[in-house]
1. Restricting the stretch 7-25 to residues that are touching a strand residue (DSSP E or B) at 6+ places or on another chain (Cβ under 8 Å) and surrounded by 13 or more Cβ atoms within 10 Å (Cβ to Cβ), which is nearest to residue 55 (Cα to Cα)?
2. Would you mind stating whether residue 52 is modelled with pLDDT of 95 or more and in a helix (DSSP H, G or I)?
3. Quick check on the stretch 2-14. Is at least one of its residues outside any loop (DSSP other than H, G, I, E, B) and either without any contact (Cβ under 8 Å) to a residue 12 or more places away in the chain or touching a helix residue (DSSP H, G or I) at 6+ places or on another chain (Cβ under 6 Å) (or both)?
4. So for the stretch 26-42 (the condition being without any contact (Cβ under 8 Å) to a residue 60 or more places away in the chain, surrounded by fewer than 12 Cβ atoms within 10 Å (Cβ to Cβ), over 18 Å from residue 62 (Cβ atoms) and in contact with a strand residue (DSSP E or B) (Cβ under 6 Å, 6 or more places away or on another chain)), does at least one residue qualify?
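The values are calculated or read from the model by the stated rules, or taken from the named source; none is laboratory data. A quick note: this is a predicted structure, and the numbers were derived from the prediction, not measured. Here the Cβ positions follow ideal geometry from the backbone for every residue, glycine too, while neighbour counts run over all protein chains shown.
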């Protein structure tokens, strides 16, 4: 399972960063950074699901 980010929708509110700070980072330019090619570890899946469902603009999704 991987994370996909629709950068066109993302408004960088940081909710995902607050819910899963080890996986999501709002950089100094105010843009979301996440390694979309990285496999999600089983230990992180609940945090990731919370971040995806908590995104108010639906910019995040899970693949796989």
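1. 16
2. yes
3. No, the stretch 2-14 contains no residue that is outside any loop (DSSP other than H, G, I, E, B) and either without any contact (Cβ under 8 Å) to a residue 12 or more places away in the chain or touching a helix residue (DSSP H, G or I) at 6+ places or on another chain (Cβ under 6 Å) (or both).
4. yes
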